[in-house]
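Take a look at the structure below.
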Amino acid sequence: MPDSNQPLLAVEDLKVHFRISKGFLFGKKVGAVRAVDGVSFAVERGETLGLVGESGCGKSTTGLGIIQMPRPTSGKVLFDGVDLMKIDSETLRRTRRHLQMVFQDPYASLNPRLTVEKIIAEPMVVHNLEQGPAVRERVRELLRLVGLDPRVITRYPHEFSGGQRQRIGIARALAANPSFIICDEPISALDVSIQAQIINLLKDLQEQFNLTYLFIAHDLAVVRHFSDRIAVMYLGRIVELANRSDLYDHPKHPYTKALLSAVPLPDPKRERQRERIILKGEVPSPIRPPKGCHFNTRCPLAKTICFEEAPEIRDVSGHQVACHLVQ
Amino acid sequence: MGEPLLRVEGLRTIFQTGKQVVTAVSGVSYSVDAGETVGIVGESGSGKSVSMLAVMRLVPSPAGRITEGKIWFRGRNLLELDSAEMRAVRGKDIAMIFQDPMTSLNPVLSIGRHLVEPLKLHLGLTPSQAKTRAVELLQMVGIPDAANRLNDYPHQFSGGMRQRVMIALGLSCNPKLLIADEPTTALDVTIQAQIIDLVKRLRREFGMSVIWITHDLGIVAGLVDRVIVMYASHVVETAGVDDLYENPRHPYTLGLLSAIPRLDTAERTRLMPIPGKPPDLSNPPKGCPFAPRCGFSTADCLSEKPTLREVAPGHFSMCHLELSKQAFINLREVRVNA
C-alpha cells in the first residue's frame, strides 16, 4: 500500500543500455551505449529534483527510463512503492496516468493534425477519466489554468507561438491529474523573455496541485532557481547530489566545480574577476567509457586510484559525492 | 578617435514573399572601432543576424533585400562594391563564423581543403605554403595532432572541434573584423567556456575587432566592451558593458535582465517575465515596437516611434521616457504584489 512517508519516486541502480548490432537483419551484438549506467536517487512528495548535465550525459534517458520508454536494462523504479520494472504493460499503462511528461520541443511534441481540444483531451480519453461534454469543459478549464484563452480549442498547433505551444503541452500533462511530472528541458527551445513565463507557470501549478517534479535541464541558473535538490550527471552516472544552496555555494565534485565556473554571469564586474576552471578535452564516448572514474580523462585532480576504481557515491557533509578525492 | 572600422548608417533590410513584406532591420545605425569587441543581444527575429549578413552582403536573395543605408568599412561603402570586390573583402578583411558548425562546413571536402582554399585565393600562397599555414592554424585553435587531421572530413570532428575549425577558417587571412553569430549556442557549457577562452586569446594576438551575436546576457558580460540591444528590427539601446548592466535605460533591456534567473544568487525571488510576445514584423505597431509589452507605455508611445537618443555620455536608448532603474523596481513591486 502507498505510504505517504516514503518518497514518491525512488530510482535504484538504474541502467539503460542501448545495444549496438553489426550485420544485416540478424545482427549480433557488438557493444552497448551505456547511456545510464547505475543511477540512484529519490524524489520526495511535493519537491523538485533538478537533473543537470551536458548533452549525452544520460539525463533525458533517465527520465525516459522512469516512465519505462524504453524498458531499462536493470535496476528498480519504485513509484509510490510499486516497482514499474516488474509490472505488466497494462498495469503500467494505468500507472502512467500519474506520471506525465513535458517535452523540450514544443514544435515536435504536439501532433500537428489534431486540434488543441483533441490533444489535451487525449489523456482523459485514454484513461477513461471524463465522458461526453465534461471532456470539453475540462479542456477549457485546463487552458484557463495554463493562461490560454479557452476559445482556442478548435485551433491547430501551428497557429501558436513556441511559448503558447509549451502551455498546451503543460495542459496535456495536467489533464490526467498526475502527481508526478517529468519536465525534460521545458524552456530551452524558448526565447529568454518567454522562458520566465513558463517557469512561473510551472511553479504556480506545483503549488496549486502539490505536484512533484523531476526537472531535467542543462541551464544551471534555471535549475538553481527551480529545484529544491539537484543531481549532477556525467557520462551516465550521478557525480553529486545535494540541496540547491549546498550544491551551488559549496560544490564538492571537481566536475560540478568546473561546470559551475563555466556558466557566464550577467554581471561584467564579477565576470572579469572570476577564476574559470577550463576543462580540457571532451566527454568520452558512452560506448567505451574510461575505466575507473568516468571523469578521469578531464579531471584536473585525477590520481592513480581514479583510473583503477570507480568511486562509490557516499555522504560528505550533506552532499552525496562520487569522488575518491573529496574528503 | 579617427574613423571607426565599421560604420553602419540607416540600414534597412526587408524580406518579401508574395505580397507580404517583413522588415527585418529597420534603419539601424552603429559603429565598431578597431580592436573593439561589440555584443549584439536580441531574441530570435530581432534582426541581429540579418543585420550582420547585410554587412557580409549575404542576405538571402531574391526574398531578402537591403533597401536603404550605408555600410562603411575602411573608407569604402560595402553596398557599392561589385561582387568581385566584395568577394575580396569577404573572408579576408571580414570573416564570419556561424551558429551551427555542423552545417557550415562542406561535408564532402576535407578540413585541409577548407583551410587551404582561402589562403591560396586571398593571400596568394603556394599549395605547400598554404598547407603549412593550415596546420599552424589548427594548432593555434587547439586541435591535437593537427598535421594528421588535414585529410579528415567534418563528420570526423565533434561539435566543439568543428567550431574550432570554423574559427581557424575565419582567422586564416588575419581579418580586421570577425563576426561571430551565436558560435557557442549549439555547444555544451564546458565546451563554450573553451571557445570563449580561445576567442579572447586570439583577439589579443590578432588585434582584431569582434562582433559577437548572442541571446545570452551572461556571455556578453564577460566578453565585450560595448553592447547593442536589438528588439523587433530596431536597436533599442546601446552602451558600454558596465553601464548597460548597472544602469539599463530601455524597458526591454530592464525586462530581459529581470527575466533571467541568476546562478549567483541564493534568494529565490519570483522571475518577472516580459508579458506577451514580440510583434509581427509584417505588420509592426505604429509607435514604439516595444510599447504593447512595456509596463510604462503612454499614449505617445503607441502613436509615435521614439528615436535612438543619447541619455548619458555614450549611452543611447530608443525610448520616449526618462526611466531609471528605481522606476523599474517600483513597477516590479506593483506587479508582484498584484
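The values are calculated or read from the model by the stated rules, or taken from the named source; none is laboratory data. Worth saying up front: this structure is predicted, and the values here are computed from it rather than measured. FYI the Cβ positions are ideal-geometry reconstructions off the backbone, even for glycines, and counts take in every protein chain you see.
Numbers for the structure displayed
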{"read-out": "Residue check for A:Val36: among the aliphatic types (A, V, I, L, M), farther than 15 Å from A:Phe180 by Cβ and surrounded by 15 or more Cβ atoms within 10 Å (Cβ to Cβ)", "value": "yes"}
{"read-out": "Among (1) surrounded by fewer than 19 Cβ atoms within 10 Å (Cβ to Cβ); (2) in a loop (DSSP other than H, G, I, E, B) - the single one A:Cys293 does not satisfy", "value": "(1)"}
{"read-out": "Any hit, region A:225-238, residues being within 13 Å of chain B (Cβ to nearest Cβ), aliphatic (A, V, I, L, M), free of Cβ contacts under 8 Å to residues at least 40 places away in the same chain and buried (at least 22 other Cβ atoms within 10 Å of the Cβ)", "value": "no"}
{"read-out": "Out of B:Val241, B:Val220, sole residue that is buried (at least 19 other Cβ atoms within 10 Å of the Cβ) and within 7 Å of chain A (Cβ to nearest Cβ)", "value": "B:Val241"}
{"read-out": "Which listed residue, of B:Leu123, B:Leu169, is buried (at least 16 other Cβ atoms within 10 Å of the Cβ) and either touching a residue at least 40 places away in the same chain (Cβ under 8 Å) or of a type in the set (Phe, Trp, Tyr) (or both)", "value": "B:Leu169"}
{"read-out": "Failed item in (1) at pLDDT 90 or above; (2) in a helix (DSSP H, G or I), with B:Gln139 passing the rest", "value": "(1)"}
{"read-out": "Breaking point among (1) under 23 Å from the mean Cα position of the chain (by Cα); (2) within 21 Å of B:Gly142 (Cβ to Cβ); (3) of a type in the set (D, E, K, R), for A:Arg229", "value": "(2)"}
{"read-out": "Options B:Leu302, B:Leu321: the member that is among the hydrophobic types (A, V, I, L, M, F, W, C), in contact (Cβ under 8 Å) with a residue 24 or more places away in the chain and away from every other protein chain (no Cβ under 14 Å)", "value": "B:Leu321"}
{"read-out": "Residue in region A:115-126 that is small (Gly, Ala, Ser), away from chain B (no Cβ under 14 Å), buried (at least 19 other Cβ atoms within 10 Å of the Cβ) and within 28 Å of A:Val222 (Cα to Cα) present", "value": "no"}
{"read-out": "Residue list for region A:97-107, filter: surrounded by 20 or more Cβ atoms within 10 Å (Cβ to Cβ) and part of a helix (DSSP H, G or I)", "value": "none"}
{"read-out": "Failed item, numbered, when A:Arg151 is tested on (1) closer than 30 Å to A:Gly50 by Cβ; (2) surrounded by fewer than 20 Cβ atoms within 10 Å (Cβ to Cβ); (3) away from chain B (no Cβ under 14 Å)", "value": "(1)"}
{"read-out": "Breaking point among (1) without any contact (Cβ under 8 Å) to a residue 24 or more places away in the chain; (2) hydroxyl-bearing (Ser, Thr, Tyr); (3) crowded, with 21+ Cβ neighbours inside 10 Å, for B:Thr13", "value": "(1)"}
{"read-out": "Restricting region B:63-94 to residues that are outside any strand (DSSP E or B) and in contact with a strand residue (DSSP E or B) (Cβ under 8 Å, 6 or more places away or on another chain), the residue that is modelled with the lowest pLDDT", "value": "B:Ala63"}
{"read-out": "Test: residue in region B:258-272 that is under 30 Å from B:Gln16 (Cβ atoms), more than 8 Å from chain A (Cβ to nearest Cβ) and surrounded by fewer than 23 Cβ atoms within 10 Å (Cβ to Cβ)", "value": "no"}
{"read-out": "Test result for B:Leu138, more than 26 Å from B:Leu187 (Cβ to Cβ) and in contact with a helix residue (DSSP H, G or I) (Cβ under 9 Å, 6 or more places away or on another chain)", "value": "no"}
{"read-out": "Any hit, region B:150-167, residues being closer than 28 Å to B:Tyr231 by Cα and part of a loop (DSSP other than H, G, I, E, B)", "value": "no"}
{"read-out": "Region A:64-96 - residue that is touching a Pro at 6+ places or on another chain (Cβ under 7 Å) and farther than 21 Å from A:Asp37 by Cβ and, of those, surrounded by the most Cβ atoms within 10 Å (Cβ to Cβ)", "value": "A:Asp80"}
{"read-out": "Hey, A:Leu247 in a helix (DSSP H, G or I), more than 9 Å from chain B (Cβ to nearest Cβ) and not basic (Lys, Arg) or not", "value": "yes"}
{"read-out": "Region B:95-125: number of residues that are in contact with a Phe, Trp or Tyr (Cβ under 8 Å, 6 or more places away or on another chain) and of a type in the set (Asp, Glu)", "value": "0"}
{"read-out": "Single residue of region B:4-62 satisfying the filter (of a type in the set (S, T, N, Q) and under 15 Å from the mean Cα position of the chain (by Cα)) that is farthest from the other protein chains (Cβ to nearest Cβ)", "value": "B:Ser29"}
{"read-out": "Region A:251-270: number of residues that are assigned to a loop (DSSP other than H, G, I, E, B), farther than 19 Å from B:Asp188 by Cβ and at pLDDT below 95", "value": "2"}
{"read-out": "Single condition A:Gly292 does not satisfy, out of (1) of a type outside the set (D, E, K, R); (2) within 14 Å of chain B (Cβ to nearest Cβ); (3) touching an Asp or Glu at 6+ places or on another chain (Cβ under 6 Å)", "value": "(2)"}
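Listed here are the residues, each with its yes/no results for (1) within 9 Å of another protein chain (Cβ to nearest Cβ); (2) crowded, with 23+ Cβ neighbours inside 10 Å; (3) touching a residue at least 24 places away in the same chain (Cβ under 8 Å); (4) under 20 Å from A:Lys280 (Cα atoms).
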| residue | (1), (2), (3), (4) |
| --- | --- |
| B:Ile179 | no, yes, yes, no |
| B:Asp188 | yes, no, yes, yes |
| B:Leu198 | no, no, yes, yes |
| B:Leu202 | no, no, yes, yes |
| B:Val210 | no, yes, yes, no |
| B:Val229 | no, yes, yes, no |
